[in-house]
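What follows is a single structure, written as structure tokens, with notes after it.
The values are calculated or read from the model by the stated rules, or taken from the named source; none is laboratory data. Source: prediction; values computed, not measured. Because the Cβ atoms are built from the backbone with ideal geometry, glycine has one as well, and the counts that use them run over all protein chains shown.
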Amino acid sequence: MHTTLLMSVVLLCAPTALAQATAAPPVAVPDANGVPAAKAIAIPPDAEGATKALVDSPRHGEWVDIALPTAADGSKATIRTWVSYPERSDQAPVVLVVHEIFGMTDWVRAVADQLAAEGFIAVAPDLL
């Protein structure tokens, strides 16, 4: 009898627990000081959408050559670097974007552009 009653209670409570577990997360509200909750972070486009995102971007991005210190033999070298600038008139923090083993791709440049959209100057050197 106890087993049957226990199983009945479990079966009755299971749909409610499942509904609570799969319900949408609560909406964040401002705290007592009126500070809004953290905004959602935008995700850069995937590799297939990176080129279109760069073409459609309102932000300025450009290739620059950064001079390296002169080597012992007197030779000079540069690192070709993609720089994405945010749309702001005041000073901005700088973020260094390091590409993966595949080298500089449009996706890496799109990541830099997304960081610029968030207010950073994104510097992505081509290390290959």
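The numbered conditions (1) buried (at least 17 other Cβ atoms within 10 Å of the Cβ); (2) modelled with pLDDT of 90 or more; (3) part of a loop (DSSP other than H, G, I, E, B); (4) in contact with a helix residue (DSSP H, G or I) (Cβ under 8 Å, 6 or more places away or on another chain) are all true for Pro45 except (2). Of all the residues in the stretch 92-128, those that are surrounded by 17 or more Cβ atoms within 10 Å (Cβ to Cβ), assigned to a loop (DSSP other than H, G, I, E, B) and among the aromatic types (Phe, Trp, Tyr) number 1. Taking the numbered list (1) surrounded by 10 or more Cβ atoms within 10 Å (Cβ to Cβ); (2) modelled with pLDDT of 80 or more; (3) outside any loop (DSSP other than H, G, I, E, B); (4) not polar (S, T, N, Q) in turn, Val55 passes all entries but (1).
Considering the stretch 68-91, and only residues there that are outside any strand (DSSP E or B) and closer than 30 Å to Ala117 by Cβ, the residue that is modelled with the lowest pLDDT turns out to be Leu68.
Taken over the stretch 58-86, the criterion of being surrounded by fewer than 11 Cβ atoms within 10 Å (Cβ to Cβ) and of a type outside the set (Val, Ile, Thr) is satisfied by Pro58, Glu62, Asp65, Ala67, Pro69, Ala71, Ala72, Asp73, Gly74, Ser75, Lys76.
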